[in-house]
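The values are calculated or read from the model by the stated rules, or taken from the named source; none is laboratory data. Keep in mind it's a predicted model, so treat the numbers as computed, not measured. Methodologically, a virtual Cβ is constructed for each residue, glycine included, from the backbone with ideal geometry; neighbour enumeration extends over all protein chains shown. These accessible areas exclude ligands, DNA and RNA; they are computed on the full protein's heavy atoms, side chains included. Shrake-Rupley method; radii C 1.70, N 1.55, O 1.52, S 1.80 Å.
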Amino acid sequence: MTPATLHALFMLRVSVFVVEQACAYQEIDAADAIAEHLVLRPAGENHAGAIAGCLRLLPPEGDGPNAPVRIGRIVVAPAWRGARLGDRLMIEAIDRAGQRYPGHPLLLSAQAHLQRFYARHGFSPVSPVYDEDGIAHVDMRRAAA
């Protein structure tokens, strides 16, 4: 990833997760250094350098086959919402995780109001709703493909 792409990725995440959602927290963290970042770019010359959406994929937490791969920091730029880019990101993440870490389940921490979205991609709640930085979340898991 080029420095310009990484910068655009961080700008998008901070603009949504920190500024738009009014949530002061450590958005850029140590996990970014070990994550694979999936990026969707809009087509066309008018959007050079822009990022329409992104997420990060973290390797399994532990050694066993039940150690989950974590998907996180899933975001679509405000200008691109409603274009089903979140679905494209999730399909790509699930496919990529299956290629890189076959046999491992997937885990994510979903904002609670997005449970139906993640359920459409095979995720089920595995925790009660909890507060994370002032936003209701729920842990969701998808069995290995």
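Taking every DSSP bridge with both residues inside the chain, close to 90 percent are antiparallel.
For the stretch 1-100, chymotrypsin sites (Phe, Trp or Tyr not before Pro) meeting the loop criterion (DSSP other than H, G, I, E, B) and having at most 13 other Cβ atoms within 10 Å: Tyr25.
Converting the Cα gyration tensor eigenvalues of the chain into ellipsoid dimensions via √(5λ) gives semi-axes, longest first, of 24, 18, 15 Å. Projecting the Cα atoms of Leu58, Ala30, Ala119 onto the dipole axis of the chain, where Lys and Arg carry +1 and Asp and Glu carry -1 at the beta carbon, places Ala119 farthest toward the positive end. Across the stretch 73-80, rounded Karplus estimates of 3J(HN,Hα) from the backbone phi angles (6.51 cos²θ - 1.76 cosθ + 1.60, θ = phi - 60°) give 6, 7, 8, 10, 4, x, 5, 10 Hz, Gly and Pro being marked x. Estimated from the Cβ-Cβ distance and a Förster radius of 41 angstrom, the FRET efficiency linking Ala136 and Ala43 is about 0.75. For the chain, the longest principal axis of the alpha carbon atoms and the long axis of helix 85-100 meet at an angle near 50°.
For the stretch 74-113, trypsin sites (Lys or Arg not before Pro) meeting the loop criterion (DSSP other than H, G, I, E, B) and having at most 14 other Cβ atoms within 10 Å: Arg81, Arg84. In order along the stretch 56-64, the phi-based Karplus estimate (6.51 cos²θ - 1.76 cosθ + 1.60, θ = phi - 60°) of 3J(HN,Hα) comes to 10, 10, 9, x, x, 8, x, 9, x Hz; Gly and Pro are listed as x. The C-alpha atoms of the chain define a longest principal axis, and helix 3-13 lies at about 70 degrees to it. Rounded to the nearest 500, the 222 nm mean residue ellipticity of the chain from helices alone is -7000 deg cm²/dmol, with -39,500 (n - 2.57) taken per DSSP H run of at least 4 residues. About the centre of its Cα atoms, the stretch 75-145 shows a dipole size close to 340 debye [charges on the beta carbon of Lys, Arg (+1) and Asp, Glu (-1) only; nearest 20 debye].
In the stretch 1-113, what percent of the accessible surface is made up of carbon and sulfur (1.4 Å probe, ligands and nucleic acids excluded)? The value for the stretch 1-113 is 57 percent carbon and sulfur by accessible area.
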